[in-house]
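Only one structure is covered here, and it is reproduced in the block below.
The values are calculated or read from the model by the stated rules, or taken from the named source; none is laboratory data. Worth saying up front: this structure is predicted, and the values here are computed from it rather than measured. No Cβ is skipped: glycine too gets one built from the backbone with ideal geometry, and neighbour counts run over all protein chains shown. Remember, those area values only see protein heavy atoms, side chains included, never the ligands or the DNA or RNA. Shrake-Rupley method; radii C 1.70, N 1.55, O 1.52, S 1.80 Å.
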Amino acid sequence: MEQTADLEIFVVTTPGLEPALCAEMQEKGFAKPVIAKGGVTTHGPWSEVWRANLELRGGARVLARIGSFRAMHLAQLDKRARKFPWGQVLRPDVPVRVEASCNKSRIYHAGAAAQRIAKAIAEELGAPITKDAELVLKARIDDDLCTFSIDTSGEALHKRGYKEAVNKAPMRENLAAMFLRQCGYNGTEPVVDPMCGSGTFVIEAAEMAAGLHPGRARSFAFEQLASFDPAAWASLRGTATAADTPLRFHGSDRDAGAVKMSTANAERASVGGITTFRAHAISDLEPPEGPPGLVIVNPPYGGRIGDTRQLYGLYGAFGKTMLNRFKGWRVGVITNEAALAKVTELPFLPTLPPVSHGGLPVTLYRTGVLGGG
């Protein structure tokens with residue numbers, strides 16, 4: 001049985017975004033991040049688990065692998081689960097939920113495996129087992145090896161803690177952050193989103209420019225663990241202070257309700273001072289004063305709207321506005337239909353693999369600098 005302070009940390013992300021998340025983790029100094037299916041693996045002490053939750057924009061949740069042992073049958077699983085040092089990680093006064101999965105193992109009944117592990121925790125540690133516990137222990141039995149991981153995030157990480165209002169088909173914050181990164185955005189140029197919805201792209205870009213941690217305004221499941229150190233966490237959480245930036249971030253939408261919603265969300269995220277939201281149509285969009293940067297949009301598309309042909313006009317108008325008025329800027333467009341991207345007549349670079357957004361495979365279409373300069 002292994003149980004070590006140097007944990008294997010698995011940061012889950014949306015499939016297709018693993019390379020972007022890995023690049024973010026390298027940039028933020030996580031130890032030797034390695035791309036795996038559905039996420040990126042790194043190693044480190046509990047403080048790195050906290051930091052991953054606090055600082056990473058591309059993660060969906062952070063799993064800490066706390067130990068493993070071999071188990072060929074349920075009686076053996078039961079015996080070894082009872083000897084596992086649960087008290088080093090879990091607290092006897094905090095409810096836990098156990099989830100299990102089995103793959104290519106002699107133990108094939110996931111429900112029975114979860115039940116045995118839950119009973120071992122309840123009887124050996126005294127922790128209550130409840131179906132709605134925020135703290136989740138995941139047991140993966142793969143090729144007869146049982147590995148325990150704790151979901152240290154709780155609520156999914158795209159819930160940054162400031163967004164009370166969302167419109168229909170909102171872009172998740174972690175997807176938005178990785179699409180910005182894939183467009184080459186690193187917090188040093190302005191961003192414009194002319195179909196801003198609830199303001200996600202604009203707010204993520206502004207936070208990045210201001211050096212704000214994405215997890216600064218919320219709580220996490222790891223705060224309920226025996227390994228949690230409130231003083232060390234308070235000190236880590238206080239490491240980023242908002243940097244002054246001369247950059248401004250602009251959103252617009254023809255729906256006045258979306259503009260109001262975005263403005264309120266930006267205020268709650270503490271970036272109200274560097275963001276502007278206005279109500280107008282794509283055809284009225286003008287580049288803001290100052291240096292060129294990135295225009296990024298998540299427009300309506302087939303699966304979200306029904307009839308694709310109704311959207312040709314919108315995409316055509318967007319493309320014209322970009323080509324005529326936004327020379328020197330780069331453009332990113334997220335859609336699930338190549339035909340809609342084509343209607344813009346924008347000079348797109350080769351595409352990256354599609355990513356699932358709201359159950360639809362969507363593709364980011366990116367340009368280089370428009371107009372050659």
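Worth a mention:
- Inter-centroid distance (Cα atoms) of region 216-236 relative to region 74-101, Å: 22 Å
- Taking the chain as a Gaussian network of alpha-carbon nodes connected by springs under 10 Å, the highest mean-square fluctuation of the residues 239, 41, 363 belongs to 239.
- Sorted from greatest to least, the principal axis extents spanned by the alpha carbons of region 173-236 come out as 46, 23, 18 Å.
- Which listed pairs, of 260/320; 28/159; 79/119, have C-alpha distances above 18 Å, in listed order: 260/320; 28/159
- Quick note on region 35-105: its Rg to Rh ratio, both from C-alpha atoms and Rh being the Kirkwood radius, is 1.00.
- Accessible surface calculations at 1.4 Å, restricted to protein heavy atoms, place region 1-134 at 48 Å² per residue.
- The value given for the chain is a Kirkwood hydrodynamic radius of 22.3 Å, derived from the mean inverse Cα-Cα separation.
- Principal semi-axes of the equivalent ellipsoid, √(5λ) from the alpha carbon gyration tensor of region 1-129, are 29, 17, 13 Å from largest down.
- Around residue 174: net Lys/Arg minus Asp/Glu count, Cβ-Cβ under 13 Å: 0
- Of 66, 92, 103, farthest towards positive along the dipole that unit charges on Lys, Arg, Asp, Glu beta carbons give region 41-158: 103
- Unit charges on C-beta of K, R, D, E only; dipole of the chain, Debye: 600 debye
- Rounded percent of accessible protein surface that carbon and sulfur make up, the chain, 1.4 Å probe: 52 percent
- Dipole magnitude for region 131-274: computed about the Cα centre from +1 point charges on Lys and Arg Cβ and -1 point charges on Asp and Glu Cβ, it is near 380 debye.
- Computed helical MRE - 222 nm, the chain, DSSP H runs ≥ 4 contributing -39500 (n - 2.57), nearest 500: -9000 deg cm²/dmol
- When only the Cβ of Lys, Arg, Asp and Glu is charged (+1, +1, -1, -1), the dipole of region 240-373 relative to its Cα centre reaches about 160 debye.
- Model label points for residue 232 and residue 106, set 7 angstrom from Cα along the Cα-to-Cβ axis, are 3.9 nm apart.
- Per residue accessible area of region 268-373, 1.4 Å probe, in Å²: 47 Å²
- With N as its number of residues, region 255-373 has a Cα radius of gyration that, divided by 2.2 N^0.38 Å, comes to 1.12.
- Take residue 320: with every protein chain present and a 1.4 Å probe, its accessible area is about 130 Å².
- Rounded Å value of the spacing that divides the Cα centres of region 310-368 and region 122-152: 43 Å
- Spacing of the two label points (7 Å from each Cα toward its C-beta) at residue 6 and residue 115, in nm: 4.0 nm
- Listed residues 80, 248, 278, most fluctuating in the chain (Gaussian network, C-alpha, under 10 Å): 80
- Top of 54, 21, 145 by mean-square fluctuation, Gaussian network on the chain, Cα under 10 Å: 145
- FRET efficiency, residue 188 to residue 260 (Cβ-Cβ, R0 30 Å, nearest 0.05): 0.55
- Alpha-carbon Rg with Dmax, taken over region 211-271, Å: 16.4, 50
- Segment residue 132-residue 267, length gained on full extension (0.36 nm per residue, minus Cα span): 45.4 nm
- Net length gained if the chain between residue 31 and residue 217 were fully extended (0.36 nm per residue, minus Cα distance): 64.4 nm
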